[in-house]
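**Student:** Submitted below is the structure of interest, expressed as structure tokens.
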Amino acid sequence: MANGYSPLVIVPKNNDKWRIHVDYRELNIATQKDHFPLPFIDQVLDTLSGKKLFSFLEVFSGYNHIQIAP
């Protein structure tokens, strides 16, 4: 991947047609891993259970409150 591009791989399908895949393995090796991954949505919703407001800080819009339906 010295040229900065991920190679394309052409793979035959069962119906005698071809499929194009992008091989991201080299890109995945070069990518810095995230030590703070996003939580799963079910964990977020479980945390909000029984709450009336969800608050968050967004860089562009500032501090926000979202009402949660019962």
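**Student:** What are the pairs, 6+ residues apart or on separate chains, where a residue within region 21-37 that is farther than 13 Å from Tyr5 by Cα has its Cβ under 6 Å from a residue that is surrounded by fewer than 10 Cβ atoms within 10 Å (Cβ to Cβ) and of a type in the set (Ser, Thr, Tyr)?
**Tutor:** Every condition considered, no pair remains.
**Student:** For region 6-26, how many residues meet the condition of being part of a loop (DSSP other than H, G, I, E, B) and surrounded by 10 or more Cβ atoms within 10 Å (Cβ to Cβ)?
**Tutor:** 4
**Student:** Is there a residue being at pLDDT 85 or above and among the aromatic types (Phe, Trp, Tyr) anywhere in region 18-27?
**Tutor:** yes
The values are calculated or read from the model by the stated rules, or taken from the named source; none is laboratory data. In this text, all values refer to a predicted model and were calculated from it rather than measured experimentally. Cβ atoms come from the backbone with ideal geometry, glycine included; neighbour counts cover every protein chain shown.
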